[in-house]
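Only one structure is covered here, and it is reproduced in the block below.
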Amino acid sequence: MRGSMMDQPLLIASLIGYAARYHADTEIVSRTVEGPIHRYTYGGSYRRIAQLAHALQKLGVTPSDRIATLAWNGYRHFELYYAISGLGAVCHTINPRLFPPQIKYIVEHAEDKYIFVDLTFVPLLEAFAAELKSVKGYVVMTDAAHMPATKLPNVLCYENLIAGLPETFAWPVFDEWTASSLCYTSGTTGNPKGVLYTHRSTVLHALAINAADGALGLTARDAVLPVVPLFHVNAWGIPYAAAAAGAKLVFPGPLLDGPNLYDLLEGEKVTITAGVPTVWLGLFSHLEQAGKRLSALKRLISGGSALPLPLIDGLEEKHGVAVCHAWGMTELSPVGTTGNLKAGQENLPAAERHRLKSTQGRTVFGVEMKIVDDDGKTLPQDGKAYGELLVRGPWVTNGYYRDEAANKPAFDRDGWFRTGDVVSIDPDGWVKIVDRSKDLIKSGGEWISSIDLENAAIGHPAVAEAAAIGVPHPKWQERPLLVVVIKKDGKLDRETMLAFLQTKVAKWWLPDDVIFVKELPHTATGKILKTKLREQFKDYALKPA
Ligand code: ADP
């Protein structure tokens, strides 16, 4: 028997429609590329989103067209999110930190019709715009006064484009399975792969992360600052979740260093912020060096790579900020776990609480998880067994965009998505990443976790960044090599580093050697590019043990 409830599609336009109606005076604050702080409200934003939708229609944008953005976190980018998807077209956010040939590949693969671009990234596009066949024109996201002299063909100015157009729009109602946005994973090998989200997956994910124990749990009393970029997995869903809750939004623009973030967090009384560990390291060292306190910030969400324990300690104990470690992937919209404690765990001693929080968090409702061995056999979730993590759920992709070759290895026989992460899961659902499967170091048939070694090394006060990789060894097959960047003014040598690690990891895990470098190679999402490091050190001769 079918139930008798309304068939109301879950559409992205309904999120901003709700915010504009019931939270019309709630602010959206942006630090702009042009310089000044820009302020308006959900009400004002909704009117400009309507104008933008009219402008897109006048440009000939129709449902399913891919419209790209190359921009920082700011109000115009937010408007594009809602206007493009609201029309039934696809908002394709491009990561400007990718190498230019990758950006060109992505635009051509997606067949983008228009590209909206921040002033900062105009020169980046000029280098290859003439070769982009599908692109009909470029819209610079600024006003007439700031329009640059540019070689871009068919160039338009955002503010001129929307000026004078009607401030209301009759948002079409369509199937909730319609594609809404597209984001390519940068990956460390091969071409970037596209994940095509639906209206349904996006709205469900927004509701899930707004649950009290979801990653964000936003309320109408919160002010949220996404440091995570709008070009990276839809800023982890924050633009949608904030509208659903009626929370104030604060966009940091291009300035993501400790002092600038601190000013914005304090000035706008931000209660929740979200981003990657590198950003929090920058903020924390600013707080320490300048002797500053955070007066409004209550919670900080960290994801994207492992969050070092000393940072959790410092932020929670010294600054009174509740740290929530989340794990996710572009393919998961992105949230799969969040590190909120269970009943009883709040009263654990600080060291024990922080240890739990330094794992990747608990499985959230909506994402099913299993771990498997090399033969695909399911392993117990007992906190001890570890294997590759596979997931499924309503906001997990069922295949990369137009990429059959990438799809074959990405799913198991039953359609579960292979994450490529090696993890253990305990009976309460706490997930602990052992490593990316490609980054594990195999020594004499046993696995060494590069992540654990790196986290241990980061615990030393003189270490700015560290990477552990396996290098070939005649006896043990592979042994760990630790590559370290020392902090400005920090002092450290090989012996001191090894003596420090000796107190943190098993003896046979100790790196065979430590190398000091000025900087490490990074991916476009700020992760250490281990493939490049392995290539660089593949002939490194370890001293015989
Ligand atoms: P994102 O950077 O938003 O997580 P990506 O799709 O670029 O999304 O990268 C996903 C990969 O990042 C995961 O498979 C995992 O290896 C790593 N990752 C994400 N979150 C964490 C985390 N909290 N701790 C450790 N690794 C993480």
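The spacing between segment 140-197 and segment 416-456, judged by their C-alpha centroids, is 38 Å. Here segment 1-149 is assigned +1 on the Cβ of each Lys and Arg and -1 on the Cβ of each Asp and Glu. Its dipole about the Cα centre then comes out at about 220 debye. If both residues of a DSSP beta bridge must be in the chain, then about 55% of such bridges are antiparallel.
When ligands, DNA and RNA are left out and all protein chains stay put, how many square angstrom of accessible area per residue does segment 441-536 have with a 1.4 Å probe? Before the final figure, lay out each step's value.
Numbers: 4740 Å² over 96 residues.
On a per-residue basis, 49 Å².
Measuring nothing but alpha carbons in segment 184-281 and taking Rh as the Kirkwood radius, the Rg to Rh ratio lands at 1.00.
Take residue 485, project a point 7 Å from its Cα along the Cβ direction, then tell me which residues of segment 233-265 have their backbone nitrogen under 15 Å from it. The answer is 257-258. Multiplying each eigenvalue of the alpha-carbon gyration tensor of segment 1-41 by 5 and taking the square root yields semi-axes of 37, 12, 5 Å, largest first, rounded to whole angstroms.
For the chain, what does the relative contact order come out to in percent, with C-alpha contacts under 8 Å and a separation of six or more? Can you show the working numbers first?
Numbers: 1143 pairs, mean separation 56.0, N = 545.
Dividing the mean separation by the residue count of the chain yields 10 percent.
Semi-axes of the equivalent ellipsoid for segment 354-440, please: Cα gyration tensor eigenvalues, times 5, square-rooted, ordered largest first, whole Å.
Semi-axis lengths for segment 354-440 are 23, 14, 12 Å.
For segment 358-444, run through the trypsin sites (Lys or Arg not before Pro) and keep only the ones in DSSP coil with at most 14 other Cβ atoms within 10 Å of their Cβ. Could the numbers behind the result be given before it?
Numbers: sites: 362, 370, 377, 384, 392, 402, 413, 418, 432, 436, 438, 442; in loops: 377, 384, 402, 413, 438.
Answer by residue number: 377, 384, 402, 413, 438.
Taking the 1.4 Å solvent-accessible surface of segment 285-430 as the whole, the part contributed by carbon and sulfur is 49%.
Reducing segment 286-338 and segment 463-532 to their Cα centroids gives an inter-centroid distance of 24 Å. In a shell of Cβ-Cβ distance under 14 Å around residue 366, excluding residue 366 itself, what net charge do Lys and Arg (+1) and Asp and Glu (-1) give? Around residue 366, the surrounding residues sum to +1. With a cut-off of 8 Å between alpha carbons and a minimum separation of six or more residues, what is the relative contact order of segment 22-61 in percent? The normalised contact order for segment 22-61 reaches 33 percent. Only DSSP H runs of four or more residues enter the estimate; each adds -39500 (n - 2.57), and after division by the residues of the chain the mean residue ellipticity at 222 nm equals -8000 deg cm²/dmol. Any idea what angle helix 100-110 forms with the longest principal axis of the chain, computed on alpha-carbon atoms, 0 to 90 degrees, nearest 10? Here the helix axis deviates by roughly 50 degrees. Counting Lys and Arg as +1 and Asp and Glu as -1, what is the net charge of the other residues whose Cβ lies under 15 Å from the Cβ of residue 490? Neighbourhood net charge equals 0. Each part gets one Cα centre, and for segment 118-133 versus segment 250-284 those centres are 29 Å apart. Taking every pair of alpha-carbon atoms in segment 408-545, give the share separated by more than 24 Å as a whole percent. Beyond 24 Å sits 34 percent of the P(r) for segment 408-545. Each Lys and Arg contributes +1 and each Asp and Glu -1, all at the Cβ; summed about the Cα centre of segment 441-536, the dipole is approximately 100 debye. The angle between the Cα long axis of helix 75-86 and the main principal axis of the chain comes to about 70°, on a 0 to 90 degree scale. For segment 122-218, the solvent-accessible area with a 1.4 angstrom probe is 45 square angstrom per residue.
Using all pairs of distinct alpha-carbon atoms, the Kirkwood hydrodynamic radius of the chain works out to 24.4 angstrom.
Within segment 45-99, what whole-number % of the accessible surface is contributed by carbon and sulfur, with the 1.4 Å probe and all protein chains included in the calculation? List each step's numbers first, then the result.
Values: 720 of 1350 Å².
Here carbon and sulfur together make up 53 percent of the probe-accessible area.
The orientation-averaged projected area of the convex hull spanned by the Cα atoms of segment 1-97 comes to 8.8 nm².
Compute, for the chain, the length of the dipole vector about the Cα centre, with Cβ point charges of +1 (Lys, Arg) and -1 (Asp, Glu) only. Units Debye, rounded to 20. Don't skip to the end; give the middle numbers.
Details: 57 positive and 58 negative charges, 33 e Å.
Using only the charged Cβ atoms, the result is roughly 160 debye.
Would you mind checking the pairs 488/532; 113/530; 193/538; 104/488; 318/487; 442/504 and listing those with alpha carbons more than 30 angstrom apart?
113/530; 104/488
The values are calculated or read from the model by the stated rules, or taken from the named source; none is laboratory data. The shown structure was predicted, so the numbers you read here are calculated from the model rather than taken from an experiment. Positions of Cβ are backbone-derived with ideal geometry, glycine not excepted, and every protein chain shown enters the neighbour counts. Accessible surface areas use protein heavy atoms only, side chains included; no ligands, DNA or RNA. Shrake-Rupley method; radii C 1.70, N 1.55, O 1.52, S 1.80 Å.
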